[in-house]
């Protein structure tokens, strides 16, 4: 497996935790579970991954409502990390995943929806060619799984078993930035 491409399941931090999602939901269940959000009635839920090594722009739509009621979406990875209360990723070797482009029909995604997803990807600066999936939940003790966290403008690696401690460390470091961001946005 040495040299094999790693693809990433990107997930937000504390902001999503209030809904049992993101890194907290993964740690609580000890698994990355297939997404059932925003899928068609007949679609097959899967765990999504991206070949993008920095961030998958469609992975998390973290927005904050300003005092004037305007919704502001994070413009880059650093803003996503601050607004989401942390940004994390779980990696899996490409050989364990399936290409969305080659297997979209298997997911029972209608042609209209596949076209809409391609437009959304393009609008956010992504591409469906970067999308990969795993058909089932992935347990955190899977030996092929790797873990990373965004801190100080770059990705860092840590053992998956340390993800809980990393969450606490990153959350403590990001809360002042998050509060500052909220103050700046509330002026608009």
Would you kindly identify the helices (runs of 4 or more DSSP H) lying entirely within the range 49-127 that contain at least 3 residues that are modelled with pLDDT of 80 or more and more than 14 Å from the chain's Cα centre (by Cα)?
100-103, 111-123
I'd like to check something: does the range 154-176 contain any residue that is touching a helix residue (DSSP H, G or I) at 6+ places or on another chain (Cβ under 6 Å) and either loosely packed, with under 15 Cβ neighbours inside 10 Å or more than 23 Å from residue 26 (Cβ to Cβ) (or both)?
yes
Per the filter on the range 128-146, residues buried (at least 16 other Cβ atoms within 10 Å of the Cβ) and assigned to a helix (DSSP H, G or I) are 128, 130
Are there any pairs with C-beta distances below 6 angstrom linking a residue in the range 25-36 that is on the phi > 0 side of the Ramachandran plot to a residue that is assigned to a strand (DSSP E or B), with the two at least 6 apart or on different chains, and if so which?
none
Neighbours by Cβ (under 7 Å, 6+ apart or cross-chain): first from the range 1-20, part of a loop (DSSP other than H, G, I, E, B); second surrounded by fewer than 10 Cβ atoms within 10 Å (Cβ to Cβ) and at pLDDT 60 or above:
4/95
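The values are calculated or read from the model by the stated rules, or taken from the named source; none is laboratory data. All values derive from a computational prediction rather than experimental measurement. Methodologically, a virtual Cβ is constructed for each residue, glycine included, from the backbone with ideal geometry; neighbour enumeration extends over all protein chains shown.
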